[in-house]
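Input: a single structure, listed below in structure tokens.
Each value in this text was obtained by applying a stated rule to the coordinates, not by laboratory testing. Being a predicted model, the structure only gives us computed values, none of them experimental. All Cβ positions, even for glycine, are placed from backbone atoms using ideal geometry, and neighbour counts span all protein chains on display.
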Amino acid sequence: MIANELQRRVTQTAIRKVEDALAHLDEDAKGRPEWVRKGLREGMVSQLGDLREELGEYEALRAGQVREIELNSLTEIPEALIRARIAAGLSQKELAGRLGLKEQQIQRYEARRYAGASLERVQAVADALGVQIHERVLLPTAAVVPDAAATAGEEMAAAASVAAGVPPK
């Protein structure tokens, strides 16, 4: 995921380099077997597709074309906050200013996908971005939640069987 303008420029450069390498592949790999050239070509085409997709996503965010990000898990919140910052047109420095932090702190948070950030800090970032998070919590049914005591008992019985030389059921 491209998170800032520097990464955007690096990605654009990488796209140009892969396109150039792809254009010269047959010439540069003419002494190699066809199956090698085919594998190289497929790898480059795949990499080019991935780079273009990342760049397209970043540009769509910057252009305001994305209005909603669907989350399937709380673990997706960090990337959603990064995308929200991009969509808001804010640099890491500008977000840091809104939060009373240094730019380097936002860079660290984003690089580590907010690992180690408190829930309060994550909420403060969402508030500074004007993001509203509406995550539903689906509760498990009683049949889905494992009984910890029963599970522990089964594990102890299996371990005892193995220790006695009897294969577990």
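Brief remarks on what is shown
- Loop-resident trypsin sites (Lys or Arg not before Pro) (DSSP state other than H, G, I, E or B) in segment 9-85 with no more than 11 further Cβ atoms inside 10 Å of their Cβ: 30, 67.
- Positive minus negative residues near residue 34 (Lys, Arg vs Asp, Glu; Cβ under 11 Å): +4
- Unit charges on C-beta of K, R, D, E only; dipole of segment 5-62, Debye: 140 debye
- The GluC sites (Glu not before Pro) of segment 1-81 that meet both conditions, a loop assignment by DSSP and at most 11 other Cβ atoms within 10 Å of the site Cβ, are 68, 70.
- Rounded if a/c under 1.5, otherwise prolate or oblate - segment 74-129, Cα gyration tensor axes: rounded
- Per-residue extension of 0.36 nm, minus the Cα-Cα distance of residue 53 and residue 108, leaves a gain of 17.4 nm for this segment.
- Net +/- balance of residues flanking residue 129 in space, Cβ distance below 12 Å, scoring K and R +1, D and E -1: +1
- Separation in nanometres of the label points that stand 7 Å from Cα toward Cβ, at residue 133 and residue 21: 3.7 nm
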